[in-house]
Structure formats: C-alpha cells, structure tokens
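Student: So that we are looking at the same thing, I have put the structure below in structure tokens.
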Amino acid sequence: MLQAKDLMSANVIAVTSDTAVRELARIFSENRISGAPVVDGGGKVIGVVTESDLIFQNKKVHIPTALAILDSFIFLEAPDKMERELRKMAGSTVADICTADPVTVGQDTPVEEIATLMAEKKVHTLPVLDENGQLVGVIGKSDIIRMIAAGK
C-alpha cells in the first residue's frame, strides 16, 4: 500500500505569511506549482496558499442577497462572509489570502486516506509532516494523478 512518503515532493517550496501576492504568483509560475505551505520563522506550517487563492482576488464582488422589509434589511447570507471575501480580494500578502490551520498528513498516511481528504475537504495541496510536526514534503493533486497514470 502506497503512503504519503512514496508520493510526496520532498523539495518543498514554502512561503512565509509576509510574501507579497505578486511574488507568490511569480513563484507559482516559475516553479510550475499550484500551491505551497505557509511557514512561520521556525519552519512550522501555519497555512496553505494555492492558485485558487490568487484567482479569487480577480473575481467579481458578490453582494449578499437581502430583503427590505419596513425600512430594515434582512440578509439571507452572513454579511461577515462578504467582509472575509473583500479582505481576501484586497489582500497584498500571503497572510491575507491563505488558508490558516491547514489539513496535513503524516509520512505514513495511506494514499486512499489522502485522496479521501482531498475530495471531502476540497483541498489540493497537503503538507506532509514528520513525527515532530516538521514539514518534510507536500502532496498535490498532480501527484495523485501521476500515481493513477502509472497504474499504482
């Protein structure tokens, strides 16, 4: 049974929370990657940032649906969702656009569990941590696809 350590990319390109969004786009483009772990000064994984986070910055603003009744507005969606989206769209650093507290896996996590996590949690970049919680690799959806193509 294949495990995370069999699929992961060990040469991890990680970014910090203060990396500029434009620099992040350059890193993704030049290295042909679709996501990266976000690490703090001690190398601890504190988030994940992906191409989707960059693309999000260029989407249209979604105004929450509201009903007007007797000079009052009742929002049919959480207004704080719009605030979060606007903050993300206007973000200038990785800290503004990344997903904090990311889903991670260990080196011995079976591939089936990794695929299940990716599908159910809708994540495409999974940092791989050792038994001490240190970043040792990353698994992206392309790693799973390569495994399928190889017939493993």
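The values are calculated or read from the model by the stated rules, or taken from the named source; none is laboratory data. This one's a predicted model, so the numbers in the text were calculated from it and none came from an experiment. Because the Cβ atoms are built from the backbone with ideal geometry, glycine has one as well, and the counts that use them run over all protein chains shown.
Student: Those residues that are assigned to a loop (DSSP other than H, G, I, E, B) and at pLDDT 90 or above, I need them from the range 133-152; list them, please.
Tutor: Within the range 133-152, the subset assigned to a loop (DSSP other than H, G, I, E, B) is 133-134, 150-152.
Within the range 133-152, just Gln134 meets the criteria.
Student: Can I ask one more? Take Asp96 and tell me if it is modelled with pLDDT of 65 or more and at positive phi.
Tutor: Working: modelled with pLDDT of 65 or more: yes; at positive phi: no.
It is false that Asp96 is modelled with pLDDT of 65 or more and at positive phi.
Student: Additional query: For the range 1-28, what are the residues that are surrounded by 11 or more Cβ atoms within 10 Å (Cβ to Cβ) and small (Gly, Ala, Ser)?
Tutor: Ala4, Ser9, Ala14, Ser17, Ala20, Ala25
Student: Please count how many residues of the range 119-132 are under 18 Å from the mean Cα position of the chain (by Cα) and either in a loop (DSSP other than H, G, I, E, B) or buried (at least 19 other Cβ atoms within 10 Å of the Cβ) (or both). Before the answer, list the steps.
Tutor: Here is the first cut: in the range 119-132, the ones under 18 Å from the mean Cα position of the chain (by Cα) are 119-129.
In the following step, the residues that additionally are either in a loop (DSSP other than H, G, I, E, B) or buried (at least 19 other Cβ atoms within 10 Å of the Cβ) (or both) were identified as 122-129.
Selection size over the range 119-132: 8.
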